[in-house]
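Enquirer: The structure under discussion is supplied below as structure tokens; questions concerning it will follow.
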């Protein structure tokens, strides 16, 4: 069972470089989201999507772009990486209509280091 | 705004000890409450949840009771095992799509 798949698992960038973190889910979940995890700060929501063609900002969207052209995929783009974006990034999804009580399904994470 | 405050870690216990990880919340309504667990090298996974006051969530020997009067959702386990070593996150969701997480508590169990 694939679930939520993130690639790459590890990445090192130089300041100013761009890259895309990929996220794919095979559970036909409408809702997808990106979080970053930093020591002492828990998980913070970057962007989310409630369905194909719809995206919205979370708590910390600056420096990141997203798009949702299909139900399955939700890539996160860093246009010009900064050292402050060094973090572990998690993609998560859940079915539609389970907002208040539903479980989020997480990928294994992508560790990004920006030098 | 909504927030979750968790017990600071790290927490180190011996095998078979009793575990409590404190979690309190602030919310402008009646949230659903969750505990997620992150094992080493993995993503988060749901451990248990409670959706209304006085509900008790339970799974894998862990329990937490939704206490509206104290705005708390403390995680407990009567006898921990080495395999319980992980980072535990308390979280709430209120109305909208966003889960609000606490900062996480790292638990290490020593044989």
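Enquirer: Which of the residues belonging to the stretch B:40-72 are part of a loop (DSSP other than H, G, I, E, B), closer than 28 Å to residue A:25 by Cβ and in contact (Cβ under 8 Å) with a residue 40 or more places away in the chain?
Expert: Result: B:40, single match.
Enquirer: Can you name the residue in the stretch B:23-39 that is outside any strand (DSSP E or B) and in contact with a strand residue (DSSP E or B) (Cβ under 7 Å, 6 or more places away or on another chain) and is also surrounded by the fewest Cβ atoms within 10 Å (Cβ to Cβ) among such residues?
Expert: Per the stated criteria, the residue is B:39.
Enquirer: Quick one: count up the residues across the stretch A:1-16 that are over 19 Å from residue A:81 (Cβ atoms), more than 9 Å from chain B (Cβ to nearest Cβ) and part of a strand (DSSP E or B).
Expert: Final tally of qualifying residues: 1.
Enquirer: Condition (residue is farther than 18 Å from residue B:103 by Cα and over 14 Å from the mean Cα position of the chain (by Cα)) applied to the stretch B:21-28: is it met by at least one residue?
Expert: Within the stretch B:21-28 (the criterion being farther than 18 Å from residue B:103 by Cα and over 14 Å from the mean Cα position of the chain (by Cα)), the answer is yes, since at least one residue qualifies.
Enquirer: Given B:16, B:42, which one is more than 14 Å from chain A (Cβ to nearest Cβ) and out of contact with any strand residue (DSSP E or B) (no Cβ under 8 Å at 6 or more places or on another chain)?
Expert: Being more than 14 Å from chain A (Cβ to nearest Cβ) and out of contact with any strand residue (DSSP E or B) (no Cβ under 8 Å at 6 or more places or on another chain) holds for just one of B:16, B:42, which is B:16.
Enquirer: Are any of the residues in the stretch B:102-111 within 12 Å of chain A (Cβ to nearest Cβ) and outside any loop (DSSP other than H, G, I, E, B)?
Expert: yes
Enquirer: Tell me, please, whether a residue that is within 9 Å of chain A (Cβ to nearest Cβ), exposed (fewer than 14 other Cβ atoms within 10 Å of the Cβ) and either closer than 23 Å to residue A:93 by Cα or out of contact with any strand residue (DSSP E or B) (no Cβ under 7 Å at 6 or more places or on another chain) (or both) can be found in the stretch B:92-99.
Expert: yes
Enquirer: Now, a different point. Could you list all residues from the stretch B:73-101 that are assigned to a strand (DSSP E or B) and within 22 Å of residue A:105 (Cβ to Cβ)?
Expert: B:75, B:86, B:87, B:88, B:89, B:90, B:91, B:92, B:93, B:99, B:100, B:101
Enquirer: Find the strands (runs of 3 or more DSSP E) located wholly in the stretch A:17-115 whose residues include 2 or more that are buried (at least 16 other Cβ atoms within 10 Å of the Cβ) and within 11 Å of chain B (Cβ to nearest Cβ), and list them.
Expert: Of the strands (runs of 3 or more DSSP E) lying wholly inside the stretch A:17-115, those with at least 2 residues that are buried (at least 16 other Cβ atoms within 10 Å of the Cβ) and within 11 Å of chain B (Cβ to nearest Cβ) span A:31-38, A:42-51, A:87-94.
Enquirer: Is it fair to say residue A:58 is at positive phi, modelled with pLDDT under 95 and touching a strand residue (DSSP E or B) at 6+ places or on another chain (Cβ under 6 Å)?
Expert: Answer is no for this residue.
Enquirer: Taking the stretch A:34-55 only, how many residues are under 30 Å from residue B:9 (Cα atoms) and modelled with pLDDT of 95 or more?
Expert: Residues meeting the conditions: 5.
The values are calculated or read from the model by the stated rules, or taken from the named source; none is laboratory data. The shown structure was predicted, so the numbers you read here are calculated from the model rather than taken from an experiment. Cβ sites come from the backbone with ideal geometry, for glycine too, and all protein chains shown count toward neighbours.
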